[in-house]
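Read the structure below first, then the notes.
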Amino acid sequence: MWPKKAKQRRFSGSNRGYWLAGLLLSLLVYALAQTAILDPLERGYYKELLARIASTERSGYVVVLDTGKGAAQTELTDAVAKLRRARSVALMLPLTERENVVALQQLEQLNEKGGNKVITGLTKALDSTARLAAKIKRSGNVWLAAHATTVQESLNPDSPSVWPYFRSQSQPRVLAVESERSPLSELESAAQGRGFLFDSTGYTELPAFLMHGGEPTPSLLYRLLPSDRQRHAEEQPGYRYYPKVDINNAEGLPVHPLHNLVDGTLPVKSLRDKIVLIGEAAEIKGFAVALDALLRGQQVSLPQWTLWAQYGALFGVALFLMLLLPRLGLASGLLSSLLLLLVLLNTEALFLLLSSQWLPLMMPTLLLLAGYIVITLQRRVILRESGLLQELSTANMQLGRMLQSQGELEQAWEKYHRCLIDETLREQLYNLGLDFERKRQFNKAVSLFEELQRMARNFRDVGERLQRNREMGDRIVLAQGNAAPGGTVVMQATQGLQNPTLGHYHIEKEIGRGAMGLVYLGQDPRINREVAIKTMALSHEFEGQELKEVKQRFYREAETAGRLNHPNIVTIYDIGEEQELAYIAMDYLKGEDLSAFSSKKTLLPLKEVMAIAEQVAEALDYAHKQNVVHRDIKPANIIYERGEKVVKVTDFGVACLTDSSKTKTGTVLGSPSYMSPEQVAGKKVDGRADIFSLGVTIYQLSTGHLPFEAESLGSLMFMIANQAHPKPGKYRKGIPICLTRIINKCLQKEQAKRYQSAAEVAAALKRCRGG
């Protein structure tokens, strides 16, 4: 209902509401903290702090030998042999398959009975895996990587009780290996052992152990650290390492190509007592940086009292939101919230910087931000100004006028519903009713005029308009009884009612009918220009997902056609849709289409036909160069102003819809008589299909007959695809031989035998008519 007068409304806030909002938010954030939802926030801020304070200093104990995309086991064998005096060597390649397997199997078959020394020697030479295992065993300092390909972070109630709690969780968090790529058993038995390696991207902590088969299994990082550094993980939640380093910054890390060691370019003595990591550098740099930091003791600890600190901060923020913030003004409340936010963020930063301790405080920080926003909004919606209703009415009136001017009539009516009743509103509602009339939305016009009549019974001619709209609403909303096939009538004889509109165009009269809709003469009131408006009721031909796809195709094709700028192509000004009726506004042409000159009695002189066809070919050549194919060239789509000898091709971007459109009886819409053989066959078409259709059009304009005529659609399509057309001279004497040749070449069944561009057709026509 409409508000009749402004009421004095004053609200006063209640601390109980703020207290309840703060409490509910605190419980919500606490509940979120019991899941892993807040982990990205905690880890993200922690990693941002690390990137700022982490040192780029390197110990020099960790060296990476880069294998690139891989290394042969022979090369690894040579490298391991030279690294016997390294502290540890980690082969971080998968090493899951033997080399030369096929060759070894064939040699084994050849030496089935044994005793062939040559084959035995070849077998030993090719068995690079066995030689690598021997070198690994002899060196005694090699560790292998078992690649954990799938790692799941989860809360595990069955994990060992010795693992302490992790952060705010009530159960320890573990990394469980769900799938892996293990090194060959032959290599694993020769090495010192193996350790799990996994992609640590996104993790702020690195595990000393991972769960595998229900048991904690050492990681490769744990294996490579000295015993005192290994024990440090036992003091941290979840047996984790927290390296104080930005693992994405590998500045200063020694990295050498593996082949430099093998060929002697890299001195072996430079790697003595070093931990050497062999693998693809791009993949293991982060691991190497973390290992180097842990060797230097650069690591962060997670205090056991972290949980209590988090809950204490959460409780303090909750009290601030419930008791203090509601009592402060807007400015002081904002300032206090910002100060508290800085305290929380800087506390975490200072602990990390000064004592290398991680104190996660994103949970209370999130509560502070969410609480401030909610409580501030809660305060602002409490209205204290007695004139608010009048101000809202004025604002809604202005917004309604703007929406009405943009054609959003229903939204405008909704805004007017929120306005106070006065003379201005009644005038605006009357104009809105007239707009509903123009849009032929008679039932809505009736509802609006009924509302207006209740406000002021004798206002203008509301009573008469109400009666006329009721009569029209009872008869029809969108008159379809006189529509063309597939079309929708917009213009009707409705004496006493406003002329209809489509978009912002005023409809004047019907000027034509097509396969998919009607054509109207319209007026663009913005620039006082006459336009032709072609309408298409797509919803009558398509439905469901197909309708959606056709609409997208319609707008895409029409937009493409709208960019065509050629003197022989009709100009498209606008496209749109209203009441499920798609329309295109285009240049209004005062000539007539060539179907008027395609019968035996109305044929034009042959030179005039050739001049017309030449202009059409030039238009098609321009369109084809813009990657636009017309698909439905025919006399009805070519407008000719005979007095000025000007030709305009129409329906670019529209004819494509007739390819897939069908009537309810399954008959193909469009113009089958002008289709090319590839269109008939349902193949993908290009500009040469338009050349075939142009040939059919020239044939008809020259002879008064179509080149292919049949009693049924099936027979017609067979003729187009398979049978030759009658010679043009059969129907009209005096047709030049050059014109006959042009027609014959255009109507070739095979695309390659036709003219390959419309420019060639235009040039041939110009020569033929002696231009």
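The values are calculated or read from the model by the stated rules, or taken from the named source; none is laboratory data. Every value quoted in this text rests on a predicted model; they were computed, and no experiment measured them. Note that we place each Cβ from the backbone using ideal geometry, even for glycine, and neighbour counts take in every protein chain shown. Protein only, heavy atoms only, side chains kept; ligands, DNA and RNA dropped before computing areas. Shrake-Rupley method; radii C 1.70, N 1.55, O 1.52, S 1.80 Å.
Just to verify a result, which residue in segment 1-39, among those that are under 30 Å from LEU452 (Cβ atoms) and open to solvent by 60 Å² or more (accessible area, probe 1.4 Å), is modelled with the highest pLDDT?
So the residue we want is MET1.
Might you let me know whether segment 164-182 holds any residue that is within 21 Å of ARG98 (Cβ to Cβ), modelled with pLDDT of 85 or more and outside any strand (DSSP E or B)?
Scanning segment 164-182 turns up at least one residue that is within 21 Å of ARG98 (Cβ to Cβ), modelled with pLDDT of 85 or more and outside any strand (DSSP E or B).
Take segment 255-282 and flag every residue that is β-branched (Val, Ile, Thr) and more than 19 Å from ALA145 (Cβ to Cβ).
Residues satisfying the conditions are VAL262, THR265, VAL268.
Can you find a residue in segment 465-486 that is small (Gly, Ala, Ser), modelled with pLDDT under 85, at positive phi and out of contact with any Pro (no Cβ under 9 Å at 6 or more places or on another chain)?
Checked against the condition, which is being small (Gly, Ala, Ser), modelled with pLDDT under 85, at positive phi and out of contact with any Pro (no Cβ under 9 Å at 6 or more places or on another chain), segment 465-486 yields at least one hit.
For (1) hydrophobic (A, V, I, L, M, F, W, C); (2) open to solvent by less than 20 Å² (accessible area, probe 1.4 Å), each residue gets a yes or a no:
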{"position": "LEU221", "(1), (2)": "yes, yes"}
{"position": "SER227", "(1), (2)": "no, no"}
{"position": "PRO254", "(1), (2)": "no, no"}
{"position": "HIS259", "(1), (2)": "no, no"}
{"position": "VAL262", "(1), (2)": "yes, no"}
{"position": "PHE287", "(1), (2)": "yes, no"}
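With the condition being modelled with pLDDT of 90 or more and in contact with a Phe, Trp or Tyr (Cβ under 7 Å, 6 or more places away or on another chain), I'd like the helices (runs of 4 or more DSSP H) fully within segment 674-771 carrying at least 2 qualifying residues.
Answer list for segment 674-771: 687-703, 713-722, 737-746.
Would you call ARG440 over 24 Å from MET402 (Cα atoms) and either open to solvent by less than 20 Å² (accessible area, probe 1.4 Å) or not aromatic (Phe, Trp, Tyr) (or both)?
Criteria not met by ARG440.
Here's a check for you: in segment 424-437, which residue that is open to solvent by 10 Å² or more (accessible area, probe 1.4 Å) and touching a Leu at 6+ places or on another chain (Cβ under 8 Å) is farthest from MET472 (Cα to Cα)?
Top of the filtered list is ARG426.
May I ask you to list the residues in segment 123-163 that are in a strand (DSSP E or B), open to solvent by 60 Å² or more (accessible area, probe 1.4 Å) and at pLDDT 65 or above?
Answer for segment 123-163, where residues must be in a strand (DSSP E or B), open to solvent by 60 Å² or more (accessible area, probe 1.4 Å) and at pLDDT 65 or above: THR149, GLN152.
Hey, any hits in segment 197-216 for a residue that's at positive phi and open to solvent by less than 10 Å² (accessible area, probe 1.4 Å)?
no
Within segment 398-413, is even one residue assigned to a helix (DSSP H, G or I), at pLDDT below 85 and either open to solvent by 60 Å² or more (accessible area, probe 1.4 Å) or closer than 22 Å to GLU578 by Cβ (or both)?
yes
Kindly provide the set of residues from segment 47-74 that are part of a helix (DSSP H, G or I) and open to solvent by less than 50 Å² (accessible area, probe 1.4 Å), ordered by number.
Of everything in segment 47-74, those that are part of a helix (DSSP H, G or I) and open to solvent by less than 50 Å² (accessible area, probe 1.4 Å) turn out to be LEU49, LEU50, GLN73.
Determine, yes or no, whether GLU42 is open to solvent by less than 30 Å² (accessible area, probe 1.4 Å), within 35 Å of the chain's Cα centre (by Cα) and over 19 Å from GLY140 (Cβ atoms).
yes
Would you confirm whether any residue within segment 317-338 is more than 30 Å from ALA31 (Cα to Cα), in contact with a Ser or Thr (Cβ under 9 Å, 6 or more places away or on another chain) and not acidic (Asp, Glu)?
There is no residue in segment 317-338 that is more than 30 Å from ALA31 (Cα to Cα), in contact with a Ser or Thr (Cβ under 9 Å, 6 or more places away or on another chain) and not acidic (Asp, Glu).
I'd like to check something: does segment 377-395 contain any residue that is open to solvent by less than 50 Å² (accessible area, probe 1.4 Å), within 23 Å of LEU49 (Cα to Cα) and part of a helix (DSSP H, G or I)?
No, segment 377-395 contains no residue that is open to solvent by less than 50 Å² (accessible area, probe 1.4 Å), within 23 Å of LEU49 (Cα to Cα) and part of a helix (DSSP H, G or I).
For the condition at pLDDT below 85, at positive phi and open to solvent by 40 Å² or more (accessible area, probe 1.4 Å), what is the one hit in GLU508, GLU580?
GLU580
Given the criterion small (Gly, Ala, Ser), under 16 Å from LEU694 (Cβ atoms) and buried (at least 18 other Cβ atoms within 10 Å of the Cβ), identify the matching residue among ALA613, ALA585.
Of ALA613, ALA585, the one residue that is small (Gly, Ala, Ser), under 16 Å from LEU694 (Cβ atoms) and buried (at least 18 other Cβ atoms within 10 Å of the Cβ) is ALA613.
Would you be able to tell me the number of residues in segment 550-559 that are surrounded by fewer than 17 Cβ atoms within 10 Å (Cβ to Cβ) and either in contact (Cβ under 8 Å) with a residue 40 or more places away in the chain or more than 19 Å from VAL629 (Cα to Cα) (or both)?
Total meeting the criteria: 2.
Just to confirm my filter: which strands (runs of 3 or more DSSP E) fall fully inside segment 188-279 and include at least 2 residues that are under 26 Å from PRO40 (Cα atoms), of a type in the set (S, T, N, Q) and touching a residue at least 24 places away in the same chain (Cβ under 8 Å)?
none
What do you reckon, is THR120 among the hydroxyl-bearing types (Ser, Thr, Tyr) and either open to solvent by less than 40 Å² (accessible area, probe 1.4 Å) or modelled with pLDDT of 70 or more (or both)?
Spelling it out, it is not the case that THR120 is among the hydroxyl-bearing types (Ser, Thr, Tyr) and either open to solvent by less than 40 Å² (accessible area, probe 1.4 Å) or modelled with pLDDT of 70 or more (or both).
Tell me, yes or no, whether segment 362-376 has at least one residue that is open to solvent by 40 Å² or more (accessible area, probe 1.4 Å), in contact with a Phe, Trp or Tyr (Cβ under 8 Å, 6 or more places away or on another chain) and part of a helix (DSSP H, G or I).
Checked segment 362-376: no residue is open to solvent by 40 Å² or more (accessible area, probe 1.4 Å), in contact with a Phe, Trp or Tyr (Cβ under 8 Å, 6 or more places away or on another chain) and part of a helix (DSSP H, G or I).
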